[in-house]
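Take a look at the structure set out below.
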Amino acid sequence: MQQQEWIFIAIFFVIAPILPIMPIALPQLLRLAPRRANKAKLETYECGVETVGDAWVQFKVQYYLYALVFLIFDIELLFLFPWAVAYNQLPLFAFVVMVTFIAVLGVGLAYAWRKGALEWQ
Amino acid sequence: MVPLTAYLIVAALLFCIGMYAVLARRNAIAILMGVELMLNAVNINLVAFWRFLTPSTTATGSGLQVGMAGQTFAIFVFVVAAAEAAVGLALILSVFRNRRTVIAENVDSLKL
Amino acid sequence: MNWLEWGFFGVLTILVIGGGLAVVLNRNLFHSALWLIVSLFGVAGLFVMLSAPFLAAVQVLVYIGAIVILIIFAIMLTRRMMGISEAPNSQWTLGLAAAALTFLVIAMTLVLASNGANPLIPREPLTQIGGESLRDLGVALVDLNQYVLPFLLASVLLEAAMVGAIVLARGEE
Amino acid sequence: MVDSLVNLGWNRDVAFFVASLLGAVVLASFGLVWIIFAIWLERKLAGRIQDRIGPNRAGPYGLFQTFADLFKLITKEDITPAGADRHIYNIAPIMVVASIVLIFAVIPFSATWVGADLNIGVLYFIAVGSLATLAIMLAGWGSNNKYALLGAFRVIAALISYEVPMILSVAVPVLLAGTMSMQGIVHGQSIAYIFVAPVSAFIFFVSQLAEAGRSPFDLIEAESEIIAGYNIEYSGMKFGMFMASEFIHAFVISLLTVILFLGGWQFLGAGHPGSELFGFIVVMGKAMLVYFVVILIRSTTPRIRIDHMMAFNWKFLVPLALVNLIVVAFCARIFVPDYAAAQAVADGGGLGAFLAGMFGVGFIAELPRAALCLVANIGLWVVASRLLRQYSDQERDRVRQLIQERRDQRGQTAPAAAGR
């Protein structure tokens, strides 16, 4: 267990947000920036005309399909990385297993390709 | 050292929160989020038991190692969670397209 | 560094449980999804404390980076329900009672069982572990005597999920 | 450092804590300070490459241009648009910078100068990088603007797609080094992995370019198409944070490429103890070289269309990365580095001793594997580029035919219209 390393990471997780907070908060605290908001200024930006409807427009299912294929390949790394780390100590059988694994996923990719799930419409 | 019981209680609490979401929420997506919480609670349990009971110290060649059982199970829970989320959300989308609703109670055409 | 460990544990517990509660109680679905991220991040921290950093990284990558994104996309696609503050269903009291009862039973059993003498619930880990647990994991996954079959089945499951989800999500066009 | 504090009479735990805190602050601010220089460098170089002068007013050679921009941003009014999801709107710019800065924690600048040498360092940087995706989602949602949301979703679809080939290409150095620790990967590179698996290096670099939103994949901030996308409603320093994160990211991808594929601090024996500063200079020098390539690409390539970007990823990079992984794994199975035999060769004198003295014993041990992988990779590249060319020829013919048909149609309808 690498305790010290992880404590360092924990500290880093606290420091890293503070760094960008400082330049954002400082000008507001020191009143460097003007504060003259009015209704027109606060309007949603849309080329000068008032926005029609709310921001939450209907989305295409295409986005979901990309996220879906991504998720499946992301899961693959769960198996891929332990396998890659241990690879030099594994028998030849391990190589065959991983080729099978990748081939099965490759078939899935080919299916998504043929079904047009990877086309941007 | 934080004892095993503490981890198990946190996991139990998370599991029950997820269970409440599954039982009480009406939106199907919210129910799915509850299921994800429950699966995570299970994962905490698996990893905690692995850590406290059977962590393997060294690789023993090709002999039978039960040492990694907890972590391996957690990995398969990840796989199942991902598959469940993908298919579950796709089902919700499909229902939404046909019935224009994501409220789980309203999808009851199979009821007698 | 006992106090430090308890401190980390406390913060992570607050993240996990607080995030979980916010997921359940928040009426805005998008905010629920964001609180889910907080909760899952806490779980990743617990994995680190339990000497399973690989699972922690995977938790962030797979859950936060992929599953939550998928959930948010689904929320956007079914956004007709957005903005409508959604009340819990009619039997929510029943659900609450069931959840509370389950927790009480588990917690009682745990507290009663963990009097220190139970070998299944030790106070201290039985062994210290080195840094090479990941390598063991890789060995275990492709060992014929161990998890090779589940490993290959997982790939089939993933492919089936992918094909099924694509068919379902696209509908008949 | 810890020891010297303990010598001063500090408690060991407290000393460790203070040392970690200081290290974290220095390391994290290094990234932010460095970009002040990097932004100037990028603008100057891009200017020169495009036959412009670039910044030249503020200070000598325009060196203080970034400071001028900084002060301008500070004095800008900070506007939160009406109807914005206020907390989410404010968290997004912080998170987008933090997610990039967090990567610095695992980058080894020399044999001992590393924030935290995690044994899952590679996964750490991938995982932390995926937080940036989330930040963009928050920015798009929080702004309550349909263009911001649309822009955010385009970006997210692109970013998550390019994560797949990145992960697959990162698996190759992990496989060759047999570890996921960043230091371990650098130690394993007696031969830089770009010479062992150039295809992986190419895939990694390209997908990182896309992750950082650099040209030619800069349709993330396509001003002319989606009015700057997800950060449209931001102003003042919050907007500045999005810009800053983009510039740091560009440098971080250079650093990561150096660590994973260009041998990190290894440079003819720079890994020996006692040469920490030299190692740091080597890393930064190599990173500047890669950074220069990034700028060169940015300032010379046009923006590609999003459907092309997605097709290039899913139909070229991902299959290539999958095949490449199998090929490298196969080659690595044939020649497993044998350090004992390599030591014998080195002791044998002659060329072996010369090479061992020059590059270390590891060089000899890894040479057969590296050579085989290199040959296989070049073969793979030749096949892949043939396929790509064939496809693009087909596509060109198809488009030409399409244009011709349109032209014929217009030729038939136009006289009819004129007659009427």
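The values are calculated or read from the model by the stated rules, or taken from the named source; none is laboratory data. Source: prediction; values computed, not measured. We place every Cβ from the backbone using ideal geometry, glycine too, and count neighbours over all the protein chains shown.
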Only one of D:Gly9, D:Gly47, D:Gly23 is out of contact with any helix residue (DSSP H, G or I) (no Cβ under 6 Å at 6 or more places or on another chain) and at pLDDT 85 or above; which?
D:Gly47
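Going by the structure shown, is D:Asp69 on the phi > 0 side of the Ramachandran plot and within 29 Å of the chain's Cα centre (by Cα)?
no
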For the stretch B:21-50, enumerate the residues that are within 7 Å of another protein chain (Cβ to nearest Cβ), at pLDDT below 90 and over 20 Å from C:Gly10 (Cβ atoms).
B:Ala21, B:Leu23, B:Ala24, B:Arg25, B:Arg26, B:Asn27, B:Ile29, B:Ala30
Can you run down the residue pairs with Cβ atoms below 7 Å, 6 or more apart or on separate chains, where the first is in the stretch A:78-90 and more than 7 Å from chain C (Cβ to nearest Cβ) and of a type in the set (Lys, Arg) and the partner is outside any helix (DSSP H, G or I) and surrounded by fewer than 22 Cβ atoms within 10 Å (Cβ to Cβ)?
none
Of the candidates C:Leu4, C:Leu55, the one satisfying the condition of being farther than 23 Å from A:Ala67 by Cα and within 14 Å of chain D (Cβ to nearest Cβ) is C:Leu4
Within the stretch D:391-402, does at least one residue satisfy the condition of being hydroxyl-bearing (Ser, Thr, Tyr) and within 26 Å of the chain's Cα centre (by Cα)?
no
Members of the stretch D:158-211 that are more than 16 Å from D:Glu366 (Cα to Cα) and among the β-branched types (Val, Ile, Thr)
D:Ile160, D:Val164, D:Ile167, D:Val170, D:Val199, D:Ile203, D:Val206
With among the charged types (D, E, K, R) and farther than 25 Å from A:Asn38 by Cα as the only criterion, which of D:Glu77, D:Glu42 stands out?
D:Glu42
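One residue is enough: does the stretch D:349-359 have a residue meeting the conditions aliphatic (A, V, I, L, M), within 36 Å of the chain's Cα centre (by Cα) and at pLDDT 75 or above?
Going residue by residue through the stretch D:349-359, those that are aliphatic (A, V, I, L, M) are D:351, D:353, D:355-356, D:358.
Next, from what is left, pick out any that are within 36 Å of the chain's Cα centre (by Cα): D:355-356, D:358.
Adding the requirement that they be at pLDDT 75 or above leaves none.
No, the conditions are met nowhere in the stretch D:349-359.
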Subset of the stretch B:26-49 [in contact with an Asp or Glu (Cβ under 9 Å, 6 or more places away or on another chain) and without any contact (Cβ under 8 Å) to a residue 60 or more places away in the chain]:
B:Ala30, B:Val35, B:Glu36, B:Leu39
Among what's in the stretch D:264-281 and is part of a loop (DSSP other than H, G, I, E, B) and farther than 22 Å from D:Val122 by Cα, pick the residue that is modelled with the highest pLDDT.
D:Ser275
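Please indicate, with yes or no, whether at least one residue in the stretch A:15-28 is on the phi < 0 side of the Ramachandran plot, assigned to a loop (DSSP other than H, G, I, E, B), exposed (fewer than 14 other Cβ atoms within 10 Å of the Cβ) and modelled with pLDDT under 85. Break it down into steps so the answer makes sense when it comes.
Our first condition is that a residue be on the phi < 0 side of the Ramachandran plot; within the stretch A:15-28, this holds for A:15-28.
Imposing the further condition that a residue be assigned to a loop (DSSP other than H, G, I, E, B) reduces the set to none.
There is no residue in the stretch A:15-28 that is on the phi < 0 side of the Ramachandran plot, assigned to a loop (DSSP other than H, G, I, E, B), exposed (fewer than 14 other Cβ atoms within 10 Å of the Cβ) and modelled with pLDDT under 85.
Each row is one residue, and each column tells you yes or no for (1) in contact (Cβ under 8 Å) with a residue 40 or more places away in the chain; (2) crowded, with 24+ Cβ neighbours inside 10 Å.
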residue: D:Ala111; (1), (2): yes, no
residue: D:Val122; (1), (2): yes, yes
residue: D:Val128; (1), (2): no, yes
residue: D:Leu150; (1), (2): yes, no
residue: D:Ser169; (1), (2): yes, yes
residue: D:Leu176; (1), (2): yes, yes
residue: D:Val186; (1), (2): yes, yes
residue: D:Val196; (1), (2): yes, yes
Give me the residue from the stretch D:297-328 that is among the charged types (D, E, K, R) and either in a helix (DSSP H, G or I) or within 19 Å of D:Arg48 (Cβ to Cβ) (or both) and, out of that set, farthest from the other protein chains (Cβ to nearest Cβ).
D:Arg298
Within the stretch D:68-187, considering only helices (runs of 4 or more DSSP H) that don't extend past its boundaries, which have at least 2 residues that are under 29 Å from D:Cys373 (Cα atoms) and at pLDDT 85 or above?
D:121-142, D:146-177
Spot the failing condition for C:Leu12; the list is (1) in a helix (DSSP H, G or I); (2) within 14 Å of chain D (Cβ to nearest Cβ), and only one is missed.
(2)
Do we find that C:Ala74 is out of contact with any Phe, Trp or Tyr (no Cβ under 9 Å at 6 or more places or on another chain), modelled with pLDDT under 90 and not basic (Lys, Arg) in this structure?
no
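Please find, among D:Val294, D:Val375, the residue that is part of a helix (DSSP H, G or I) and either in contact with a Gly (Cβ under 9 Å, 6 or more places away or on another chain) or crowded, with 18+ Cβ neighbours inside 10 Å (or both).
On the way: D:Val375 fails: either in contact with a Gly (Cβ under 9 Å, 6 or more places away or on another chain) or crowded, with 18+ Cβ neighbours inside 10 Å (or both).
So the residue among D:Val294, D:Val375 that is part of a helix (DSSP H, G or I) and either in contact with a Gly (Cβ under 9 Å, 6 or more places away or on another chain) or crowded, with 18+ Cβ neighbours inside 10 Å (or both) is D:Val294.
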